[in-house]
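Only one structure is covered here, and it is reproduced in the block below.
The values are calculated or read from the model by the stated rules, or taken from the named source; none is laboratory data. Being a predicted model, the structure only gives us computed values, none of them experimental. All Cβ positions, even for glycine, are placed from backbone atoms using ideal geometry, and neighbour counts span all protein chains on display.
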Amino acid sequence: MKKLFALIFAAVLGCSLFGFAACNSEKTIVVGASQTPHAEILEEARKEVEALGYKLKIKVFDDYITPNTALEEGKLDANYFQHTPYLNTFNEEYKTHLAAVTKVHYEPFGVYGKDVTKEDYAANKTGRTILIPNDGSNRTRALFVLRDEGFITLTEGAKPTDNLTLKDIVESNGNTVKDIDAQTVAQILAESDKGTLGVINGNYALQAGLRAENALAFENAEGDAAQLYANVIAVKQGNENSDKTVALVKAVLSKTVFDYINATYNGAVQPVFTLTA
């Protein structure tokens, strides 16, 4: 009995010294996410996570770098904010060891304008200042949107999986394309001269209060785009099949989350997973 009491006392003392959170860490899944729509989607999945015996802690980030470095350093169990091409580029550039474990949703890029009507947009494809994201995969994606919309011509043979730069624009048609931090495109567009355009990531458009129905154009969602640029849950390599990862994936790929995405985002966010019986 004395030995049992000593063990219990030691456990309580350990929790007191190091914090009760440490004692419960094995049953808590810590996920880094962008606020919109990722953290919102995770919040909807919370009850599903709890039903599987875990607590869910969501840490919100407002950039595309910190949630990956935090995951690499073991400060997160998973993150949810990026697509696989970005993840692969990040691993190569920052020497991280992160892996995508499942695709969840797709956010079509939208073209938005500063005081630009749809008629003006359709009629005037020259002389524009156009803002796009400056990180590798998203810049490539935005350049293809501009090509498909008739604003620029790209290097012959360019592919959506390439890491394109502004130097790959072989004909600008009198347009000036500027690549800037993805999270600032919407803000700088709002402060720009009339007629300026911005190609904006879906989550940042939502955060800025830009409505899908006000977009002048959307990225073509047909073909491979939705799968190539689907946003994923990522973990540190080696944790792909951990109990926490399996539980998180099951919770996110649920009917609850599927229905929530379809009912909430009016096409600006689209689930890419199919429900299983």
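Quick notes on this structure:
- Residue ID - farthest from residue 163 (Cα to Cα), chosen from residues in the stretch 80-116 that are touching a helix residue (DSSP H, G or I) at 6+ places or on another chain (Cβ under 6 Å) and of a type in the set (S, T, N, Q): 102
- Pick from the stretch 189-217, criterion under 18 Å from residue 147 (Cα atoms) and not in a loop (DSSP other than H, G, I, E, B), ranking: farthest from the chain's Cα centre (by Cα): 197
- The sole residue among 239, 220 that is more than 15 Å from the chain's Cα centre (by Cα) and surrounded by fewer than 15 Cβ atoms within 10 Å (Cβ to Cβ) is 220.
- Restricting the stretch 123-176 to residues that are modelled with pLDDT under 95 and β-branched (Val, Ile, Thr), the residue that is surrounded by the most Cβ atoms within 10 Å (Cβ to Cβ): 140
- In summary, helices (runs of 4 or more DSSP H) completely within the stretch 80-159 and bearing 1 or more residues that are of a type in the set (Lys, Arg) and closer than 20 Å to residue 65 by Cβ occur at 136-148.
- Residue 200 buried (at least 17 other Cβ atoms within 10 Å of the Cβ) and either at pLDDT 95 or above or under 16 Å from residue 110 (Cα atoms) (or both): yes
- Residue 229 being within 30 Å of residue 126 (Cα to Cα) and buried (at least 18 other Cβ atoms within 10 Å of the Cβ): yes
- Given (1) outside the structural domain of residue 119 (by TED's automatic domain parsing); (2) hydroxyl-bearing (Ser, Thr, Tyr); (3) in a helix (DSSP H, G or I), number of the condition residue 184 does not satisfy: (1)
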